[in-house]
1. Quick one: which of LEU52, LEU67 is closer than 21 Å to VAL397 by Cα and surrounded by fewer than 23 Cβ atoms within 10 Å (Cβ to Cβ)?
2. Any idea how many residues of region 166-189 are outside any helix (DSSP H, G or I), within 16 Å of the ligand (Cβ to nearest atom) and surrounded by fewer than 24 Cβ atoms within 10 Å (Cβ to Cβ)?
3. Which one of LEU316, LEU252, LEU299 is hydrophobic (A, V, I, L, M, F, W, C), away from the ligand (no atom under 16 Å from the Cβ) and free of Cβ contacts under 8 Å to residues at least 60 places away in the same chain?
4. Run VAL349 past the list (1) among the aliphatic types (A, V, I, L, M); (2) assigned to a loop (DSSP other than H, G, I, E, B); (3) surrounded by fewer than 20 Cβ atoms within 10 Å (Cβ to Cβ) and report the number of the one that doesn't hold.
5. Considering only residues that are closer than 20 Å to LEU315 by Cα and more than 21 Å from the chain's Cα centre (by Cα), which ones fall in region 393-423?
6. Mind counting the residues in region 146-165 that are in contact (Cβ under 8 Å) with a residue 60 or more places away in the chain and within 11 Å of the ligand (Cβ to nearest atom)?
7. Name the residue, out of LEU378, LEU408, that is closer than 25 Å to TYR2 by Cβ, of a type in the set (A, V, I, L, M, F, W, C), crowded, with 16+ Cβ neighbours inside 10 Å and away from the ligand (no atom under 16 Å from the Cβ).
8. Could you please let me know if ASP139 is within 7 Å of the ligand (Cβ to nearest atom), among the acidic types (Asp, Glu) and over 18 Å from the mean Cα position of the chain (by Cα)?
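Every read-out reported here was derived from the displayed coordinates using simple, explicitly stated rules and does not represent laboratory data. Not measured: the values here are computed from a predicted model. Backbone-built Cβ (ideal geometry, glycine too); neighbour counts: all protein chains shown.
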Amino acid sequence: MYKYVINGGKRLSGTVAVSGFKNAADGILPAALMCAEPVRVENIPNIRDVLLWLDIFRDMGVKVDMLRPGAYEIDAGSICRDDPPFGHMRQMRASYYLLGAMLSRFGKAAVSMPGGCDFGVRPIDQHIKAFEAMGATIDIQGGVIRATTPDGKLHGAHVYFDVMTVGGTINAMLGATLAEGQTVLENCAREPHAVDVANFLNSMGADIRGAGTSVIKIRGVEKLHSCAYTIIPDQIEAGTYMVFAAVTGGDLTITGVIPKHLEAIIAKLRETGVTVDELDDAVRVTRTGTLRRANIITLEYPGFPTDMQPQMAALLCFASRTSTITEGIFENRFKYVSELNRMGANILVSGKTATILPAERMTGTPVRACDLRAGAALIVAALAAEGTTEIEDIIYVERGYEDIVGKLTSVGADITRVEVSHD
Ligand code: EPZ
């Protein structure tokens, strides 16, 4: 077990490169299992979620060769089972994409109910609805989702999602890719990583049109073929480093980004008085004056991303006036607030809205990360708080942020990764 020890008050400055997008990799890696020929995927981030995928692949008899850091050749030609061992799957939510991938290729699947960050109830009813519409019979018992099809194939269907679900959209696309006939998905999520998964599938020979809009049409194909694909940059990692720069009054250039994917984050940071210069594939973030308040509602893309909600709440603790954040996607994504309040924050949560009053003083203290972005929020606060903050349960953070200690240290943060002693 490890913890981060952070001494606050250091201005970040310099350049940091963003890694491949975790949530795109979480969809693209299982999608690679749908192809019986080797595929090459680049810009895969070196994070715990990816290591979990590679463990699942090896358990399934998938050949995985690392060509160089971040680039893998995945050969699922000799896949030996469609019911991967459940241990690893329980540790991340994205394991539910194995349902779509295995159903698509083999017409049956057995997958453990997903784990992942706890923001209240996170149903998968829309995933199930899509697969049942495509002809699958789904049985959920003992934490295992078993799916079968009468003739070994899914069939095209017309699915209207009751909620705009990223996971549901991606999973249904996986299922429809090798189904018999055409599928139309309506009320789809438009997140860039849903588009990235569609582009990856199309580079393997799938026939998917409309990704990035609310209607996606998929014409099933017989089989997929080899390809080489590069994953998009992680806009949430980029946004998190933008907030690191803002909270420390720093001057940081974040490279390897797609500025268009950052529009909502850039707009909100500018509202707080932060300067953001957009370059071709980079953004430069500087903050010299006081932080102004902001009111945020998290929404589906292109709205303000829920995955940046905790980080912005931590930043707004340092603002000169009262801000509000309303969580428009998840049932309860404010569990991290109690830890920020232990550092001196003054955040009141009522239902789906957090009211963030200006903190008198933010001071370092031992805290715990309760999920991936909550951990990022604690780092935001620790970087600007007075004194030393120790953050435990950093395993959550390392699920989604590649080399965060190395990257932060390279731009002036005082952060070390220390083994937790159980004395
Ligand atoms: C993905 O989760 C991301 N995870 C999350 O990122 C992100 O917060 C979320 O999308 C929203 O953008 C991955 O991509 C691995 P949803 P997902 O299905 O797919 C409800 C991070 O920090 N819903 O879009 O699980 C659901 O309860 C993680 O990187 C249903 O009701 O999110 C939620 O209220 C955290 N039924 C809303 O829809 C369903 O069948 C959006 O969920 C599915 C979802």
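1. Exactly one of LEU52, LEU67 is closer than 21 Å to VAL397 by Cα and surrounded by fewer than 23 Cβ atoms within 10 Å (Cβ to Cβ), namely LEU52.
2. 3
3. LEU316
4. (2)
5. THR409, VAL411, GLY412, ALA413, ASP414, ILE415, listed by residue number.
6. So the count comes out to 1.
7. LEU408
8. For ASP139, the condition - within 7 Å of the ligand (Cβ to nearest atom), among the acidic types (Asp, Glu) and over 18 Å from the mean Cα position of the chain (by Cα) - is not met.
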